[in-house]
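The block underneath contains the structure these notes are about, expressed in structure tokens.
The values are calculated or read from the model by the stated rules, or taken from the named source; none is laboratory data. What you see is a predicted model, and the numbers here were worked out from it, not measured in a lab. Virtual Cβ from ideal backbone geometry, glycine too; neighbours counted across all protein chains shown.
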Amino acid sequence: MQTAFRVRRKTLIVALGGLRSVLSSAPRAGGITRAKYILNHQVAAKPIGRDDRGRGVGARCADPARTLSKLAISLGIRDKFVGLMTAVSLADLVTVREAYDQIWVEGFVTVGTSNAVRAGEPIAARHLTNSSAHPGTINLILVTNARLSASAMVGIVQVATEAKTAVLLRAKVKSWTGRPGATGTGTDAVVVVSGNGPPLRYSGTHTILGELVGRVVETSVTEGLARYVRWHARRTPRSRVKNP
């Protein structure tokens, strides 16, 4: 299994080298499917409350799946694909690869945290309280050559989420409410791609695969967050910088 990626017309295109099993929370072809490509399309930054995946109050893109389908055709992609959207600049895309013995994991990650939340917080006022137009989502695309069971794919989502949250807690990222301890953002998405290599039934934190996933996510989210903080600092007057 070989992957290749490129950025074209503000769209990250990850070619999977064939039809692969994919589990994701993507707005286009989310759930369990098979695909040859993963797309992450950069859209214009918009106020918090306008979901980076095109949903919610005041969303510019009422049907992100349809928009992404049209985009794919315009890019010459007519094979099956999974599609994401982000307001984070693809110039700040982070790619990381970790390997051990015959197993490898690659990550393609974009990070923004203006839309940060702590899981369980009320959502009622979120669309009304902040009109800043900064990118605010974390998209994780994780590709492995291991041939994963369905439960192992779900396990990777769990490990990736734990690793992402650990980075946010260590960096003391605050929720949009100003409360400490943000655990993610309101529009995060994750994509897990299974390969055709060594079969694996498990992927938790006690496994080599889980370790690789944890390292990929920790490294990429840490670097992506640092890039986002620098981006935010350049565009926000010093007196207004509170929580990147």
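Consider Gly178 carefully, then state whether it is within 21 Å of Ser24 (Cα to Cα), among the small types (Gly, Ala, Ser) and modelled with pLDDT under 95. No, not satisfied.
Just give me the residues in the stretch 76-92 being of a type outside the set (Lys, Arg), more than 14 Å from Gln42 (Cα to Cα), touching a residue at least 12 places away in the same chain (Cβ under 8 Å) and in a loop (DSSP other than H, G, I, E, B), in sequence order. Of everything in the stretch 76-92, those that are of a type outside the set (Lys, Arg), more than 14 Å from Gln42 (Cα to Cα), touching a residue at least 12 places away in the same chain (Cβ under 8 Å) and in a loop (DSSP other than H, G, I, E, B) turn out to be Ile77, Asp79. Restricting Ala65, Ala87 to residues that are small (Gly, Ala, Ser) and more than 13 Å from the chain's Cα centre (by Cα) narrows the list to Ala65.
Of everything in the stretch 73-96, what is surrounded by fewer than 21 Cβ atoms within 10 Å (Cβ to Cβ) and small (Gly, Ala, Ser)? Give them in sequence order. Hits for the stretch 73-96 are Ser74, Gly76, Ser89, Ala91. Could you say whether any residue in the stretch 152-169 is assigned to a strand (DSSP E or B), modelled with pLDDT of 95 or more and within 21 Å of Leu225 (Cα to Cα)? Within the stretch 152-169, none of the residues are assigned to a strand (DSSP E or B), modelled with pLDDT of 95 or more and within 21 Å of Leu225 (Cα to Cα).
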